[in-house]
1. Tell me which of 112, 82, 245 sits at the most positive position along the dipole axis of segment 39-338, charges placed on C-beta atoms (Lys, Arg +1; Asp, Glu -1).
2. Between their Cα atoms, which of 216/369; 180/255; 50/208; 179/255 are more than 19 Å away from each other?
3. Charges on Cβ only, +1 for Lys and Arg, -1 for Asp and Glu, centred on the Cα centroid of segment 39-338; of 95, 297, 214, which one is farthest towards the dipole's positive end?
4. Determine the gain in length on full extension of the stretch residue 203-residue 157; use 0.36 nm per residue of separation and subtract their C-alpha separation, reporting nm with one decimal.
5. Run the simple label-point estimate for residue 90 and residue 56 please: 7 Å along Cα→C-beta, distance reported in nm.
6. Show me the ranking of peptides 231-239, 267-275, 357-365 by mean Cβ neighbours inside 10 Å, starting with the highest.
7. Charges only on Cβ, +1 for Lys and Arg, -1 for Asp and Glu: so what's the dipole of segment 39-338 about the Cα centre, in debye to the nearest 20?
8. With a ≥ b ≥ c the root eigenvalues of the C-alpha gyration tensor of segment 306-361, is it rounded (a/c under 1.5), prolate (a/b larger than b/c) or oblate?
Amino acid sequence: MESNGLVSTIKRFFKKYFAAGQAVNGKEVEEVVLPADATAFDRFLLTRRKLLGMIIPPIFFYAIWLVMAVRYDLWSLFPNRYEMSITMIFGSFVGGITCEGSGAIAFPVMTLLLHIDPTVARDFSLMIQSCGMVSAAFTILFMRIALEWRSIVFCSLGGIFGTIFGFHMVDPYLSNDEKKIGFVSIWFSFAIALYILNRQHKRTTYDKVQHFNWWKALVLLAAGFLGGNFTAFAGSGLDICSFSMLTLLFHVSEKVATPTSVVLMAFNTLVGFFWRNYWMQGIMQAAWEYWAVSVPIAVITAPLGSLVGSHLHRLVLASMIYVLETAALIGGLAIVQPGLALSIASAAIIVGGSAFFVIISTVGTALTKHHNDRVHIHELKMSNSRGNFMDLKVNHPTMEQKIVINPAGDGT
């Protein structure tokens with residue numbers, strides 16, 4: 001009996017955290033519901049949407065890559081550049097499954113472990129994400145996974161200007177070590193804030209930004225601009241800025257914020273790739289070679305990551321971010337071994353960044369409380385307008401008083 005109880009507990013644990021179901025159109029679903037008048041083709045599309053979402057992007061990119069491989073003899077690059085093929089097996093999968101683009105893995109691996117020039121690492125990150133993240137975004141859209149479209153629109157607008165600004169006004173003035181340590185320090189502070197937020201068990205989350213208005217649009221624009229600057233020197237960052245605002249400030253569920261950040265980064269990385277290649281003409285040959293040996297991997301593992309991530313519990317997704325950012329910080333400090341000035345700067349970024357994200361989280365909690373209070377008061381008014389005479393015990397974390405609706409319509 002005890003053995004059966006343990007097995008049942010383990011099954012419930014894995015079902016809750018690793019088979020939570022996809023968030024489709026704002027609802028957790030595990031099965032596709034077919035309409036009564038569905039045609040045979042509609043039935044095929046609906047019942048095979050996961051399979052089709054997985055195989056269409058690789059087919060498209062492989063067709064193009066094979067033509068280029070024959071034309072430019074890309075096969076000969078693998079013996080000398082294979083390390084990036086191996087890196088992208090993990091990097092693109094993580095890029096698809098979390099709010100972090102594959103560049104968040106590629107950049108620290110290339111700059112810290114392989115000692116590759118950060119400019120090459122940044123350009124490669126943009127290039128490979130233009131394939132891997134676009135593939136993952138197609139899978140997300142094809143499977144109709146829930147997204148916060150207003151974040152995609154406004155963060156993208158801010159990200160376009162932020163990325164271009166960062167290419168010309170930020171990246172040239174940072175040293176290689178500053179880029180490496182700055183990147184891992186900023187996102188470690190975000191992981192701290194996200195951990196603190198998720199310590200609030202059973203916190204209220206939404207599938208979209210509630211009561212969207214002009215100032216919330218400006219917040220998303222500013223987050224996009226800031227993230228674009230990070231993307232300009234590290235190849236990623238806009239996705240995490242969007243994710244942080246959605247989860248910490250607006251309390252959007254990680255199951256919606258994560259695929260939203262993937263789709264957002266897919267568009268932004270195309271802008272960055274285009275600007276670096278056609279406007280600045282600054283992409284080095286090494287970046288092209290790393291890209292050539294990584295495309296066949298990224299277009300498979302990134303959509304696979306999106307599919308797996310859509311079924312995981314939001315706390316599992318958050319835990320992955322904790323692990324990745326902690327490992328990146330430890331690895332960065334161990335490999336770069338920054339001097340006193342850069343170490344102080346790193347500590348200041350972590351403390352200041354953590355404080356900023358905690359403040360954002362605190363404001364987000366207050367906004368959620370205000371929203372819940374408004375909803376509750378609206379429900380009371382609706383009950384009052386229907387002439388209901390009753391005593392209401394308010395089951396609300398911030399409103400524990402007893403409210404009596406009297407015939408005159410006054411709440412006391």
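1. Of 112, 82, 245, it is 245.
2. 180/255; 50/208; 179/255
3. 214
4. 13.5 nm
5. About 3.2 nm separates the two model spin labels.
6. 231-239, 267-275, 357-365
7. 1000
8. In terms of gyration-tensor shape, oblate.
No lab work stands behind these numbers, since they all come straight from the coordinates. Note that the structure is a prediction, hence the values are computed from the model and not measured. Using ideal geometry, Cβ is built from the backbone for each residue, glycine included, and neighbour counts are taken over all protein chains shown.
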